[in-house]
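K.L.:
This is the structure I want to talk about, given as structure tokens.
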Amino acid sequence: MKIIMLGAPGAGKGTQAQMIAEKYHLPHVSTGDIFRANIKNGTELGREAKGYMDRGVLVPDELTVRILLDRVAQEDCKNGYILDGFPRNIPQAEVLDKELEKLGDKIDVAIDMEVPDESIIKRMMGRRACTACGATYHIENVPPKKEGICDKCGEALILRDDDKEETVKNRLNVYHEQTQPLIDFYTEKGILKTVDGTQDMMDVFKTITDILE
Ligand code: ADP
Ligand code: ADP
Ligand code: ZN
């Protein structure tokens, strides 16, 4: 099964993708996580991506598409995957479709998580991320068992550089201008499912598993 998670930054894509990945034994492919891992490891790709990420704008397609296609060509993606944060604009979606078509393949479902902008800012301010394993928490909604420490791997949690209020506003603008058109794109393909992302985390998950089954 090949699944795309759509939604604004902070809509809960990563949170749900991680749960879907565990339940269905599919790899969670997050372009944001790949970029952050590269930044942490000081790679050339990381250096290039960081400037864009810190401003809250998209990393250029040529860079992003290449790392995404490399990732989904790996052995563990053979039986499917969950894309979180890709595609983020129409050209990325078109390249993905074209590459899959060459393999006689396609995306099965695009899940759009709807959360109004007002709630997004609150979610992002309280988000804490693990730089080691990519798990995300929220200081009020989804607190870790031990403050500042990842439940899954024991590493320290951080406030992401791009989760500051000004950058979040930029990212929301980018979302509305460039990413939201994908909702029509996947509706026209007949594979869009809309989920109310303001529900409790486990209720969102139940809605999604009902769609997938
Ligand atoms: P969030 O989960 O909050 O939406 P991400 O981790 O997906 O954030 O993305 C963080 C940043 O990484 C984005 O603001 C953007 O700069 C960059 N990025 C991630 N995925 C893509 C993509 N598909 N295309 C271009 N830039 C991307
Ligand atoms: P995205 O990957 O779409 O950027 P995340 O999964 O990182 O979003 O979630 C953004 C923030 O909101 C995190 O701090 C997360 O813990 C929290 N969160 C996720 N799902 C919910 C939910 N259903 N209700 C409240 N907070 C949530
Ligand atoms: Zn962790």
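The values are calculated or read from the model by the stated rules, or taken from the named source; none is laboratory data. Note that this is a predicted model, so its numbers are computed, not measured. Glycine also receives a Cβ, built like all others from the backbone with ideal geometry; neighbour counts cover every protein chain displayed. Note: areas computed on protein heavy atoms with side chains; ligands, DNA, RNA excluded. Shrake-Rupley method; radii C 1.70, N 1.55, O 1.52, S 1.80 Å.
K.L.:
Would you check if there is a residue in region 178-195 being loosely packed, with under 14 Cβ neighbours inside 10 Å and hydrophobic (A, V, I, L, M, F, W, C)?
P.N.:
Scanning region 178-195, I find no residue that is loosely packed, with under 14 Cβ neighbours inside 10 Å and hydrophobic (A, V, I, L, M, F, W, C), so the answer is no.
K.L.:
Something else now. How about region 16-52: which of its residues are touching a strand residue (DSSP E or B) at 6+ places or on another chain (Cβ under 6 Å) and more than 19 Å from Ile107 (Cβ to Cβ)?
P.N.:
Answer for region 16-52, where residues must be touching a strand residue (DSSP E or B) at 6+ places or on another chain (Cβ under 6 Å) and more than 19 Å from Ile107 (Cβ to Cβ): just Gln18.
K.L.:
I'd like to know if region 22-29 contains one or more residues that are over 22 Å from Lys206 (Cβ atoms), under 11 Å from the mean Cα position of the chain (by Cα), without any contact (Cβ under 8 Å) to a residue 60 or more places away in the chain and crowded, with 19+ Cβ neighbours inside 10 Å.
P.N.:
yes
K.L.:
How about region 79-100: which of its residues are modelled with pLDDT of 95 or more and open to solvent by 30 Å² or more (accessible area, probe 1.4 Å)?
P.N.:
Arg88, Ile90, Pro91, Glu94, Val95, Asp97, Lys98, Glu99, listed by residue number.
K.L.:
Residue by residue through region 31-66, note down the ones that are within 9 Å of ligand 1 (Cβ to nearest atom), closer than 20 Å to Gln18 by Cα and open to solvent by 20 Å² or more (accessible area, probe 1.4 Å).
P.N.:
Asp33, Ile34, Arg36
K.L.:
Just to be sure I understand the filter: pairs with C-beta atoms under 6 Å, separated by 6 or more residues or on different chains, first member in region 76-89 and of a type in the set (Asp, Glu), second member more than 16 Å from ligand 3 (Cβ to nearest atom) and open to solvent by less than 10 Å² (accessible area, probe 1.4 Å). Which pairs pass?
P.N.:
Asp84/Met5
K.L.:
Would you point out the residue of region 67-82, among those that are touching a Leu at 6+ places or on another chain (Cβ under 8 Å) and not in a helix (DSSP H, G or I), that is farthest from Arg36 (Cα to Cα)?
P.N.:
Asn79
K.L.:
Related question: Report every pair of residues separated by at least 6 positions or lying on different chains whose Cβ atoms are under 8 Å apart, first residue within region 170-192 and under 10 Å from Asn89 (Cα atoms) and aliphatic (A, V, I, L, M), second within 11 Å of ligand 1 (Cβ to nearest atom) and open to solvent by 70 Å² or more (accessible area, probe 1.4 Å).
P.N.:
Leu182/Arg88
K.L.:
Report yes if Lys122 is open to solvent by 20 Å² or more (accessible area, probe 1.4 Å), more than 10 Å from ligand 2 (Cβ to nearest atom) and without any contact (Cβ under 8 Å) to a residue 40 or more places away in the chain, otherwise no.
P.N.:
no
K.L.:
Could you check region 141-161 and list, in sequence order, the residues that are free of Cβ contacts under 8 Å to residues at least 60 places away in the same chain and of a type in the set (Val, Ile, Thr)?
P.N.:
Result: Ile149, Ile158.
K.L.:
Filter region 125-143 down to the residues that are open to solvent by less than 60 Å² (accessible area, probe 1.4 Å), β-branched (Val, Ile, Thr) and more than 14 Å from ligand 1 (Cβ to nearest atom) and list them by number.
P.N.:
Val142
K.L.:
Return a yes/no flag: does region 151-164 have any residue that is acidic (Asp, Glu), more than 27 Å from Lys23 (Cα to Cα), surrounded by 15 or more Cβ atoms within 10 Å (Cβ to Cβ) and at pLDDT below 95.
P.N.:
yes
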